[in-house]
Amino acid sequence: MKKVLVLFAHPKYEKSRANQVLINAIAKKEGVTFHDLYEIYPDFHIDVDAEKKLLEAHDVIIWHHPMYWYSCPPLLKQWIDMVLEFNWAYGPKGKALQDKLCLNAITTGGSKELYCSQGSNSYTINEFLRPFEQTANLCLMKYQKPFAVMGTYKLTNEELDGYGAAYNALIDSLQQF
Ligand SMILES: Cc1cc2nc3c(=O)[nH]c(=O)nc-3n(C[C@H](O)[C@H](O)[C@H](O)COP(=O)(O)O)c2cc1C
């Protein structure tokens, strides 16, 4: 069974609705390491060596976060900037992450209809996530399509529970990939 690392970044998890449901559905699963970046690094001082060891010990890397201004919250960007070092994650000798699976698990306030060329957000969620996709590509990882929960404000509790079950099932399939 593949080992899954969920790198979670939510600056206001105590006020979260959608992500609390998603996290509750997967955090205690066998073979899943739930790694809450804002809990561990409230001062943004990331322990790069510890993060690299964690990455090396897992096969599937999930960047899990709410969409903030069409991107991720700042601590996840800081994590990417600090941890994915030249000649470790990328560059001529940078093969540490080669062939690991990688994807975004993302929640958006805006609904799916707004995320298209005719909608007010102009672009699809996959287009907004291209910097993550290319980061994974540069690091020789195999980027998978995102798990997206969209229009969070309008979702009922039952719908959110359904997304929690879908996230759990996706992780099952990634563990067997
Ligand atoms: C600072 C900030 C920026 C946000 N930017 C976006 C955005 O660019 N697009 C969007 O659809 N929703 C945006 N949202 C809404 C969040 O994505 C949404 O509240 C979150 O995904 C819901 O998950 P939660 O209940 O776990 O907090 C933003 C929210 C905040 C607080």
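For this structure, a couple of remarks:
- Shown in residue order for region 126-132 are the 3J(HN,Hα) couplings computed by the Karplus curve 6.51 cos²θ - 1.76 cosθ + 1.60 at θ = phi - 60°: 4, 5, 5, 8, 4, x, 6 Hz (x for Gly and Pro).
- Euclidean distance between Cα centres, region 2-41 to region 145-171, Å: 14
- Site pair LYS154 and ARG130 shows an inter-label distance of 2.7 nm when each label is modelled 7 Å from Cα along Cα→Cβ.
- About its Cα centre, region 4-175 has a charge dipole of approximately 300 debye under the convention of +1 per Lys or Arg Cβ and -1 per Asp or Glu Cβ, with nothing else charged.
- DSSP beta bridge pairing in region 4-175, given as percent antiparallel to the nearest 5: 5
- Links that overshoot a 21 Å alpha carbon limit, given the list LYS3/LYS145; LYS112/LYS142; LYS2/LYS77; LYS28/LYS77; LYS77/LYS154: LYS112/LYS142; LYS2/LYS77; LYS28/LYS77; LYS77/LYS154
- Residues with amide H under 5 Å from that of MET150, placed H, sequence gap 5 or more: THR108
- Relative contact order of the chain, taken over Cα pairs closer than 8 Å and 6 or more residues apart, is 28 percent.
- Region 54-65 - phi-based ³J(HN,Hα) in whole Hz, Karplus 6.51/-1.76/1.60, Gly and Pro as x: 4, 4, 4, 7, 10, 9, 10, 10, 10, 8, 10, 6
- For region 4-175, the extents of the C-alpha atoms along the principal axes are 46, 36, 34 Å, listed from largest to smallest.
Every number in this text was worked out from the coordinates using simple rules, so none of it is lab data. Not measured: the values here are computed from a predicted model. With ideal geometry, Cβ positions are generated from the backbone for all residues, glycine too; neighbour counts draw on all protein chains shown.
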